[in-house]
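The values are calculated or read from the model by the stated rules, or taken from the named source; none is laboratory data. All of these numbers come straight from a predicted model, not from anything done at the bench. Virtual Cβ from ideal backbone geometry, glycine too; neighbours counted across all protein chains shown. Surface accessibility is based on the protein's heavy atoms, side chains included, excluding ligands, DNA and RNA. Shrake-Rupley method; radii C 1.70, N 1.55, O 1.52, S 1.80 Å.
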Amino acid sequence: MIPEDLRPPPDVWHAPASYWFWHRVPTGEEIREQVAQLADAGFGSFQIQARLAFPIQQYLGPEYLAAYRAAADEAARRGMVMGIYDEYNWLSGHAGGRTVAGRDELRERHLFWSTRCGGADGEIVCAVDDIRPTDVAYLLDAGLNWVFDGGQPRWADWEIVAALAHPGGRSPTSSTWWT
């Protein structure tokens, strides 16, 4: 009897899955070879993801989509499944800037929390400044260029849409907030 941990998975949905990173559009032969290697290694599914080295101008272009289709067809021929991955490198929904191209009103929105104490006269002054993209800043210029259109976040477009003053200047994170 084969030990439980060495038995093959019952179907593709329970088999190992993999990412297949593309740095360029692969040839038909490369697609057939790569999918064969995945299948032979026991993978039941994969997702293709265009990486930073992939030319952004070719992403989602006719050649890219034809190769993507060829990979899906080859996976189906081998009894595998293929997930659709909509990102140019990463950050969900960006698609290398194509999802918002020419439609600035569709760009992502962010919510920031800022706590300020009032002055002696009770006036509270807040400003939107010094905001940094800490989630990708560690990737330097290369990371900023694949995440942000033109490599720069549009911090100048910020708008304060609401403000809330807390009683006695207490922060909602303080231990006395709920008492």
Here the residues within segment 37-76 that are in contact (Cβ under 8 Å) with a residue 24 or more places away in the chain, of a type in the set (A, V, I, L, M, F, W, C), open to solvent by 20 Å² or more (accessible area, probe 1.4 Å) and assigned to a helix (DSSP H, G or I) are LEU38, ALA39, ALA70
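For every residue, the table says whether it meets (1) modelled with pLDDT under 85; (2) over 23 Å from GLY143 (Cβ atoms).
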position: ARG24; (1), (2): no, no
position: GLU29; (1), (2): no, yes
position: ILE48; (1), (2): no, no
position: SER114; (1), (2): yes, yes
